[in-house]
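These notes concern the structure reproduced below.
The values are calculated or read from the model by the stated rules, or taken from the named source; none is laboratory data. Nothing here was measured: the structure is a model prediction, and the numbers come from that model. Methodologically, a virtual Cβ is constructed for each residue, glycine included, from the backbone with ideal geometry; neighbour enumeration extends over all protein chains shown. Keep in mind that these areas ignore ligands, DNA and RNA; they rest on the heavy atoms of the full protein, side chains included. Shrake-Rupley method; radii C 1.70, N 1.55, O 1.52, S 1.80 Å.
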Amino acid sequence: MRLLVVDGDPAARAATVSVLQTIYPTAEIVDTGDGMEAVQISLNTPVDAVYTEVLMPRISGFDVARLVQKFRPEAAAYVVSGTDKFFDRAQGLSGYYLKPLTRDEFQRGDLLAQGKRVHI
């Protein structure tokens, strides 16, 4: 399994990678702080899922998620964001998690799966 983590904030990206490593210990995790680089990675390398922040330089996380899904239709696409204000734009994606992503939050399920929006 290959997971792609995209977040312009190095600390937040590292935290997401860490949580995913504990949940999927055998997965290969590729991470980047650049959305365009993430799209390029997905063009060149199959990925099973992308976890992306919405607010990214050069290209939004939604664009990253949708482009990865376009090139890799089998890939799941998740938003991992510090705010839920973009929740309504996540329809059609695989899920929406709030930062900081923790193992408990991950196991509880994303906001789309729960069918709810939280206010922070």
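Quick one: which strands (runs of 3 or more DSSP E) lie wholly within segment 1-86 and hold at least 2 residues that are open to solvent by 10 Å² or more (accessible area, probe 1.4 Å) and of a type in the set (A, V, I, L, M, F, W, C)?
Per the criteria, 28-32.
Quick check on this structure: which one of R58, R66, R13 is over 18 Å from T102 (Cβ atoms) and either aromatic (F, W, Y) or out of contact with any helix residue (DSSP H, G or I) (no Cβ under 6 Å at 6 or more places or on another chain) (or both)?
So the residue among R58, R66, R13 that is over 18 Å from T102 (Cβ atoms) and either aromatic (F, W, Y) or out of contact with any helix residue (DSSP H, G or I) (no Cβ under 6 Å at 6 or more places or on another chain) (or both) is R66.
Show the residue pairs meeting these rules: Cβ distance below 9 Å; 6+ apart or different chains; first residue within segment 75-91 and within 24 Å of A11 (Cα to Cα); second residue part of a helix (DSSP H, G or I) and charged (D, E, K, R).
A77/R66; V79/R89
Out of everything in segment 87-115 that is open to solvent by less than 50 Å² (accessible area, probe 1.4 Å) and assigned to a helix (DSSP H, G or I), what residue ends up being modelled with the lowest pLDDT?
Of everything passing the filter in segment 87-115, L112 is modelled with the lowest pLDDT.
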